[in-house]
1. Go through the stretch 58-95 residue by residue and tally those that are within 30 Å of Arg152 (Cβ to Cβ) and of a type outside the set (S, T, N, Q).
2. Restricting to the stretch 95-123, name every residue that is closer than 21 Å to Met142 by Cβ and not small (Gly, Ala, Ser).
3. Pairs only if they're at least six apart or on different chains, beta carbon under 6 angstrom, first in the stretch 24-37 and at pLDDT 85 or above, second among the polar types (S, T, N, Q) and in a strand (DSSP E or B); list them, first residue then second.
4. Within the stretch 96-129, restricting attention to residues that are among the acidic types (Asp, Glu) and exposed (fewer than 14 other Cβ atoms within 10 Å of the Cβ), which residue is nearest to the chain's Cα centre (by Cα)?
5. For the stretch 64-114, how many residues meet the condition of being of a type in the set (D, E, K, R) and in a helix (DSSP H, G or I)?
6. Does any residue of the stretch 142-164 turn out to be assigned to a helix (DSSP H, G or I) and not hydrophobic (A, V, I, L, M, F, W, C)?
7. When you check Leu133 against the structure, is it aliphatic (A, V, I, L, M), out of contact with any Ser or Thr (no Cβ under 9 Å at 6 or more places or on another chain), exposed (fewer than 15 other Cβ atoms within 10 Å of the Cβ) and farther than 13 Å from Gln34 by Cα, yes or no?
8. Considering only the stretch 78-95, state which residues are more than 25 Å from Cys144 (Cα to Cα), crowded, with 18+ Cβ neighbours inside 10 Å and touching a residue at least 40 places away in the same chain (Cβ under 8 Å).
Amino acid sequence: MAAQLLTVALSNGRLMLVGSDGQPREAFALSIQQPWAWLIVNGVKDIENRSWRTARRGPILIHTGMTIDRDAHQAVARGYHPVTGKRTLIGNRYPASNYEPVPIGGIVGVAEIVDCVGESPSPWFVGDYGLVLRNAAPVPFMRCKGALGFFRPNVVEDAAHVQG
């Protein structure tokens, strides 16, 4: 099933997901450290590890926190899978591989949660629970504060804060 998300729109400082029916829905986001967020929105990482279960399904916004997982960041930038340690080509596309900064502190993409599992064959699964993700895609960066768990993001409606 294709993702229902087509567009991310701003309305009074709130981000809305506009589906294929053209109807806006209030967006929820999940904050994820870099490089994990980049790996998700670029279709590399198919599961997000958490210590808690969720019944939430459907499209969510991917937010990057202000903290970077330095070990994983360096592994990806050097061309290694940050979980398995195996050599990989995913780093070739990672911005830090080309000495470019990775975005932090804002919305960077969308993904659809299709399941929450306690085990998975995915090489990315290392948590108590995994949010199974599909239909991930990057969006232009929008600066906003994050929060724990799922949250409704507020963004600054100012072109200076939107990159892309």
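1. Here the count works out to 17.
2. Correct list: Pro95, Glu100, Pro101, Val102, Pro103, Ile104, Ile107, Val108, Val110, Glu112, Ile113.
3. Gln33/Thr67; Gln34/Thr64; Ala37/Thr64
4. Asp115
5. Residues that pass the stated criteria total 2.
6. Yes, some residue in the stretch 142-164 is assigned to a helix (DSSP H, G or I) and not hydrophobic (A, V, I, L, M, F, W, C).
7. Details: aliphatic (A, V, I, L, M): yes; out of contact with any Ser or Thr (no Cβ under 9 Å at 6 or more places or on another chain): yes; exposed (fewer than 15 other Cβ atoms within 10 Å of the Cβ): no; farther than 13 Å from Gln34 by Cα: yes.
In short, no.
8. The answer is His81, Pro82, Ile90.
The values are calculated or read from the model by the stated rules, or taken from the named source; none is laboratory data. Just so it is clear, the model here is predicted, and its values are computed rather than measured. Every residue, glycine among them, receives a Cβ derived from its backbone with ideal geometry; neighbour counts consider all protein chains shown.
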